[in-house]
Amino acid sequence: MVIAVIGLLVGLLLPAVQAAREAARRMSCANNMKQQAIAIHNFADANRERFPAATYRGDEYLFAHGSSLWLRLLPFVEYADTYTKVVPEGNFLLTVASSTSWKNTDAHVRALSGLRVPAYSCPSSPFDVTMLTGNRPVGSSPRPYSLQKGSYIPICGAIDGTPRDNTNADGPVAGSGVFGPVSLDNSNRNIGRRAKDMTDGLSKTLMVGEQSDFSVNQTDEIRPGSGRHVWIGKNFNAVATGNGSYTLDVVSAGQSKVSNDTRCYAMTTVGFAINMKGVIVASSGSPGSDGLGNNCNTPIQSAHPGGATVSFADGAVVFLNENLALQTLFNLANGNDGNVVDATQ
């Protein structure tokens, strides 16, 4: 009898304990996003009021990938020492054996292997926090190296935003949000946007969203560049200023371009509802999330029940209900569409 009563009490208490643990994890996730938001604004303060770009190409031409926003934020999340050991304009495709001869690869593997930035991983996520790469620095022992994978995604805008490339084969890419790729510097690398470009107001414009859960089952990845680590950026110049622009690479002197990569790394253009579960393959003019991380419209996706945590461009962190109207989500992702809406609508 006593055992039966104890079993009944455990059955009653267990859901409450689990709920309390998830509430604590959700709070920790929100704190991660607050740290990210502060880091992004500190980056802007140090870079002539420009936010970081979501992704940067590398300086070694043809297939060498540059760095992501998350790499550029390292000095602002207390990893300045690690940042001094990498070359932000170098190669960050660290998972392909043939890339070991590319510029800076060995130094980057050495610097980033084993690095875990807590603010980049949601504690509720079922995703692997790290991935192994067969690459290794020259002269080191033949063992795999461990690279961090993230749980959060910079937002470029929405599929109805202006400007955008609506013809990209891996789904529309917008230049209408905080991290919309619209400008290149004198070295033909992406540069970030300014706060004044978000004419709808920073408090009404999404900045970063969660991508911390699977899209359908325990194998379909939601994160862009599935199988990649958090440090990787795009391998060509990328702007979204009109149809055909995202795949129109600016060629450096003496180099010939065969084609551009239509995939998106370390960024998404909102095209689906929060926590959308499903595999939809993109095509020109149609958004997609193919379950492999190749498409440009991977949804805001959370392991927390009922919604997902996001940050706004003013630094506020909010938990958005997964039943939020899709058009409202689009309006929040676009920072300049003139449709100023409330996140609770």
Among the residues of segment 288-345 satisfying the criterion of being of a type in the set (Asp, Glu) and farther than 18 Å from Ser212 by Cα, which is modelled with the highest pLDDT? Asp314
Is it true that some residue in segment 163-174 is of a type in the set (Lys, Arg), buried (at least 23 other Cβ atoms within 10 Å of the Cβ) and closer than 21 Å to Gly278 by Cα? no
Ile274: passes all of (1) in contact with a helix residue (DSSP H, G or I) (Cβ under 9 Å, 6 or more places away or on another chain); (2) part of a strand (DSSP E or B); (3) under 24 Å from Val216 (Cβ atoms) but (2)
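Listed here are the residues, each with its yes/no results for (1) surrounded by 15 or more Cβ atoms within 10 Å (Cβ to Cβ); (2) within 18 Å of the chain's Cα centre (by Cα); (3) in contact (Cβ under 8 Å) with a residue 60 or more places away in the chain.
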{"site": "Asp261", "(1), (2), (3)": "yes, yes, no"}
{"site": "Gly278", "(1), (2), (3)": "no, no, yes"}
{"site": "Leu292", "(1), (2), (3)": "yes, yes, yes"}
{"site": "Asn297", "(1), (2), (3)": "yes, yes, yes"}
Would segment 29-49 turn up any residue that is part of a helix (DSSP H, G or I), in contact with a Ser or Thr (Cβ under 8 Å, 6 or more places away or on another chain) and at pLDDT below 90? no
Limited to segment 289-345, what total is found for residues that are outside any loop (DSSP other than H, G, I, E, B) and either of a type in the set (Gly, Ala, Ser) or at positive phi (or both)? 5
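The values are calculated or read from the model by the stated rules, or taken from the named source; none is laboratory data. The structure presented is a predicted model; accordingly, all values stated were derived computationally and were not measured. Because the Cβ atoms are built from the backbone with ideal geometry, glycine has one as well, and the counts that use them run over all protein chains shown.
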